[in-house]
1. Quick one: if you stick a label point 7 Å off each Cα along the C-beta vector at Ala23 and Met263, how many nm between them?
2. Filter the cross-link list Lys127/Lys209; Lys63/Lys127; Lys145/Lys209 down to pairs whose alpha-carbon distance in this structure exceeds 31 Å.
3. Sort Arg94, Arg205 by heavy-atom solvent-accessible area, probe 1.4 angstrom, most to least.
4. Report relative contact order for segment 159-232 in percent, whole number only (criteria: Cα-Cα under 8 Å, sequence separation at least 6).
5. When the scattering of segment 12-61 is computed by the Debye formula from its Cα atoms alone, each counted once and equally, what is log10 I(q)/I(0) at q = 0.22, 0.25, 0.32 Å⁻¹?
6. What ranking of Met190, Met283 comes out by heavy-atom accessible area, probe 1.4 Å, highest first?
7. Residue separation times 0.36 nm, minus the C-alpha to C-alpha distance between Tyr14 and Leu270: what's the value?
8. In whole percent, and with a 1.4 Å probe on the protein chains, what portion of the accessible area of segment 1-139 is carbon and sulfur?
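The values are calculated or read from the model by the stated rules, or taken from the named source; none is laboratory data. Worth saying up front: this structure is predicted, and the values here are computed from it rather than measured. Here the Cβ is made from the backbone with ideal geometry for all residues, glycine too, and neighbour counts use every protein chain on show. Quick note on the areas: whole protein, heavy atoms, side chains included, nothing else; ligands and nucleic acids left out. Shrake-Rupley method; radii C 1.70, N 1.55, O 1.52, S 1.80 Å.
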Amino acid sequence: MFLPRRIQRQSGRYSRVDDIPYALPVNSQGSPALMAAFTVDARRVAALLPGNELHPLRVSRDKGVLLISVIDYKKTDIGAYIEFSIALACTHGRRPAPPLVPLLFPKRFGVGQYVVDLPVNTEVSVKGGKGIWGMPKHLARLDFKQENGSVSSRYAEGGQEAVRVRIERPAHAWLPIRTSAVNYCAFRGMLMKSSIYFRGRFGFRIGRKAWATLELGDHPRVQALRDLSISPRAFFTGFFPSSSGVLDDHFEAWFLTQPTLPMSTYPEGLESVVDLGQDQTPMPPPDGAGVPTRSISENTQGVWP
């Protein structure tokens, strides 16, 4: 795996941040992961992005991208946990970028994903991910299942369904991947940028061969997704049977700005993490198989297992 030299130099050293012990680098091993991408209305994406420096990454003049990624972390410094990421592909800069061009020059255009929601199922993951890197983590009930040729995950909180995603598992994870990705998150009134480096063998499907279902429940956390005009079909799905990753301990943060003085911190501040502990016990998975209130995908088949 390609890692910045600074991370390589720190390998084998230790840190304790917010009383959480870390052996550097901050890594994970043996983690299966699913991914699904859907087109959305780029103008509505722009309205959800905070500040004035993030812009929708457009795949056409008026289409942006919603990214759903679920990782079943098997081995990390803070134990095993599941992470369910709901994000919008974006660029960073003074002005919006032309469609598709940023994919050719990702560093120049600051290509990444703005993380809208990031439920996890252990307390310590919330404490570290949000308190240190500013990620919008919160406790929820999650699962990750591989069965009958599919990979799926459910997300529920407070007795309410939030999101369910299922993809058809590719027959072979044949492509060796070594790459990096950038996360942008809003926390404490700041925009926070972090990087992750990961590798693994990847199976994927594009276009009409990409089969996925996405269902939204009635939880308030996902209501904003309803206004994005999510496409009924995924245009990309992918699966890592096993992946390894490194979360860079170096990150950037700068103030979010608005035309007028904000009335409150966007979207929350340190009060949401200061009293958290380090419990590594996973929340129980969602109960039952109640169907969420809205199915996004036209290619939903049968009843959710």
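1. Label-label distance for Ala23 and Met263, simple model: 5.0 nm.
2. Working: Lys127/Lys209 39 Å; Lys63/Lys127 35 Å; Lys145/Lys209 21 Å.
From the list (Lys127/Lys209; Lys63/Lys127; Lys145/Lys209), the Cα-Cα distance tops 31 Å for Lys127/Lys209; Lys63/Lys127.
3. Details: Arg94 200, Arg205 60 Å².
My answer, sorted largest first, is Arg94, Arg205.
4. Details: 92 pairs, mean separation 31.4, N = 74.
Relative contact order of segment 159-232: 42 percent.
5. -0.80, -0.92, -1.26
6. Met283, Met190
7. 89.7 nm
8. So the carbon and sulfur contribution to the accessible surface is 53 percent.
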